[in-house]
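Participant: Have a look at this one.
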Amino acid sequence: MSEGTRIRKIAIATGGGDAPGLNAVIRAVVLSALQRGWEVYGIRDGFTGLMLPEEYVEGGLVRLTRDRVRGITHLGGTILGTTNRGNPTRYPIRCTDGTIEYVDRSDELIRAFCMRQLDALISVGGDGSMAIANTLAQKGLWVVGVPKTIDNDLDRTVVTFGFNTAVSFATECLDRLHATAASHRRVIVVEVMGRYAGWIALESGVAGSADAILIPEVPYDLELVAAKIRAREEQGRNFSLVVVAEGAMPKGGSVTVASHEAGRSERLGGVGAKVAADLQEFTGKETRLVVLGHLLRGGSPTPYDRLVALRFGAAAVRALSEGQRGVMVALDPPFVEYVPLEESTQRMKTVPLDSDTMLTARDLGISFGD
Ligand code: F6P
């Protein structure tokens, strides 16, 4: 008899930045679990609902019924709420002198989990959430992870849901910006999210016919981008679109950090403004900046992302019913596989410089500023 047959109650948590497709995962988990006769509870705001239940009027745990997850597949965001603060393994505490200390509250979280008589956890999140899930699994909690991020930087899965939606929206924006850039003979710099990986910039830039794409994997020299813009001018192409990943950096320089905040990783942002100012100076052309930011995370998931998310949610429940623990569901087309959680966060998945999309971009004449 499989260990999964002893499950009665499971919990699901969504952690880290939201990504389109989270609600589809929740719905798939709930419907698949209900079919097996299990009860499903959603933890509010990452793990906060379990750790600080008194902060919630209806409690930090929400019973997820068929009705509660009706009609949510196409909705962006997460009905459970999320947070990229309050990591239970490194919880920030403000001391009386104003300094911040970090304490490990994972045992407390596991105790709260057991006290609510929950048998297993499905943890949906990015690298930070998978690392937390791995710690909890190593401490004995029955956990299955579901990878999400618009950044596509999680290793061991071919893709994460949210990424396709972000690329689609960025591409649509580039299509729109082409018209206005051409009409005014301007350079338009478009900054996109992606943290330390250039996936969103690369894929939207190629699909949206950018003239230059700056990604963290290829430190740039703006003189070379300016030369590309000037060469276009000589061919009568009086406008240019430059896509900049928020993690892009100049040769010999470093990433542009928007802020350092206690209890979370550094927040990137601002490189687009520097690139736009410098390109205006180097080319003498009027330059504008568009920062797509959180627009990339909102909105309805594309059909592709909905499908990946629904498959991941159903696969996570199958994993539990097969008695799998300490694993992350992962896309390895045409299959969804289970990979050890500890392997999912060993390295960040960045753009391989010899990948076909990179080669295609170079063959199309797109500049990377190198
Ligand atoms: O990881 C997703 C992501 O959107 C990154 O691309 C971005 O750097 C970060 O989250 C932004 O975080 P926040 O929502 O806290 O500003």
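The values are calculated or read from the model by the stated rules, or taken from the named source; none is laboratory data. Just so it is clear, the structure is predicted and the values come from calculations on it, not from any experiment. Reconstructed Cβ throughout: ideal geometry from the backbone, glycine too, with neighbour counts over all protein chains shown. SASA here: full protein model, heavy atoms, side chains in, ligands and nucleic acids out. Shrake-Rupley method; radii C 1.70, N 1.55, O 1.52, S 1.80 Å.
Participant: Give me the Kirkwood hydrodynamic radius of region 204-265, using the inverse of the mean 1/r over all pairs of distinct Cα atoms, in Å to one decimal.
Facilitator: Numbers: mean 1/r = 0.0753 Å⁻¹.
Across region 204-265, the inverse of the average 1/r is 13.3 Å.
Participant: What does the accessible area per residue of region 54-97 come to in Å², with a 1.4 Å probe and no ligands, DNA or RNA counted?
Facilitator: On the way: 2790 Å² over 44 residues.
Averaged over the residues of region 54-97, the accessible area is 63 Å².
Participant: Just the number: Rg to Rh for region 1-156, Cα atoms, Kirkwood Rh, two decimals. Mind dumping the intermediate values first?
Facilitator: Values: Rg = 15.5 Å, Rh = 16.0 Å.
Computed over Cα atoms, the ratio is 0.97.
Participant: Does region 155-304 classify as rounded, prolate or oblate by the C-alpha gyration tensor (a ≥ b ≥ c root eigenvalues; a/c under 1.5 gives rounded; else a/b over b/c gives prolate, otherwise oblate)? Don't jump to the answer; show the numbers that get you there.
Facilitator: Details: a/c = 1.93, a/b = 1.33, b/c = 1.45.
Cα axes put region 155-304 in the oblate bin.
Participant: So what's the net charge close to Gln346: Lys and Arg +1, Asp and Glu -1, counting the other residues with Cβ under 14 Å from its Cβ?
Facilitator: Details: positive: Arg156, Arg347, Lys349; negative: Asp127, Asp153, Asp155, Glu342, Glu343.
Within the 14 Å Cβ shell, the charges total -2.
Participant: Compute the label zone of Ala258 within region 157-201: residues whose backbone N is under 12 Å from the point 7 Å along Cα-to-Cβ.
Facilitator: From region 157-201, the list is 191-195.
Participant: Considering the chain as a Gaussian network with a 10 Å cut-off on Cα pairs, which listed residue, Gly208, Gly60, Gly252, attains the greatest mean-square fluctuation?
Facilitator: Checking each option, the largest mean-square fluctuation is seen for Gly252.
Participant: Using a Gaussian network for the chain with springs between C-alpha atoms less than 10 Å apart, which of these wobbles most: Arg297, Arg311, Arg36?
Facilitator: Arg36
Participant: Please sort by residue number the GluC sites (Glu not before Pro) in region 1-101 whose DSSP state is loop and whose Cβ has at most 13 other Cβ atoms within 10 Å.
Facilitator: Numbers: sites: Glu3, Glu39, Glu54, Glu55, Glu58, Glu101; in loops: Glu58.
Sparse-neighbourhood loop GluC sites (Glu not before Pro): Glu58.
Participant: Give, as ranges by residue number, the residues of region 198-213 whose backbone N falls under 19 Å from the point 7 Å along Cα→Cβ of Gln235.
Facilitator: 205-213
Participant: Grab the other residues whose beta carbon is less than 10 angstrom from that of Asp18, score K and R as +1, D and E as -1, and report the net.
Facilitator: That sum, taken over residues with Cβ under 10 Å, equals +2.
Participant: Compute and list, largest first, the equivalent-ellipsoid semi-axes of region 1-77 from the alpha carbon gyration tensor, each √(5λ) rounded to a whole angstrom. Before the final figure, lay out each step's value.
Facilitator: Values: eigenvalues 85, 60, 27 Å².
After diagonalising the Cα gyration tensor, the semi-axes are 21, 17, 12 Å.
Participant: Continuing with the same structure: Loop-only check: which trypsin sites (Lys or Arg not before Pro) in region 226-255 are DSSP coil with at most 12 other Cβ within 10 angstrom? Mind showing how you got there, number by number?
Facilitator: On the way: sites: Lys228, Arg230, Arg232, Arg237, Lys251; in loops: Arg237, Lys251.
Answer by residue number: Lys251.
Participant: Just to confirm my numbers, what's the Cα centroid distance between region 283-305 and region 84-147 in Å?
Facilitator: 32
Participant: State which entries of Lys9/Lys349; Lys148/Lys251; Lys228/Lys251 exceed 27 angstrom in Cα-Cα distance in the structure shown. Before the final figure, lay out each step's value.
Facilitator: Numbers: Lys9/Lys349 34 Å; Lys148/Lys251 31 Å; Lys228/Lys251 17 Å.
From Lys9/Lys349; Lys148/Lys251; Lys228/Lys251, over 27 Å: Lys9/Lys349; Lys148/Lys251.
Participant: Full-extension gain between Asp354 and Arg63, please, as 0.36 nm times their residue separation minus the C-alpha to C-alpha distance. Kindly include the intermediate steps, with their values, before the conclusion.
Facilitator: Details: separation 291, 0.36 × 291 = 104.76 nm, distance 4.76 nm.
Net length gain for the segment: 100.0 nm.
Participant: If all Cα-Cα distances of region 159-236 are sorted into 10 Å bins from 0 onward, what percent lands in each bin, rounded to whole numbers?
Facilitator: 17, 47, 30, 6, 0
Participant: Starting at 0 and stepping by 10 Å, how many percent of the alpha carbon pairs of the chain end up in each bin?
Facilitator: P(r) over the chain, rounded to whole percents: 5, 24, 29, 21, 14, 6, 1, 0.
Participant: Counting other C-beta atoms within 10 Å, and keeping those with at most 15, which DSSP coil GluC sites (Glu not before Pro) do you find in region 262-324?
Facilitator: On the way: sites: Glu266, Glu281, Glu286, Glu322; in loops: Glu266, Glu286, Glu322.
Here the GluC sites (Glu not before Pro) that fit, given the DSSP loop and packing criteria, are Glu266, Glu286, Glu322.
Participant: Related question: Take the chain, connect every pair of alpha-carbon atoms lying under 10 Å apart with a spring to form a Gaussian network, then pick out the residue of Gln346, Gln117, Gln235 with the largest mean-square fluctuation.
Facilitator: Result: Gln235 has the largest fluctuation of those listed.
Participant: Within region 51-202, what whole-number % of the accessible surface is contributed by carbon and sulfur, with the 1.4 Å probe and all protein chains included in the calculation? Write out the running numbers ahead of the final one.
Facilitator: On the way: 3230 of 6570 Å².
Accessible surface attributable to carbon and sulfur in region 51-202 totals 49 percent.
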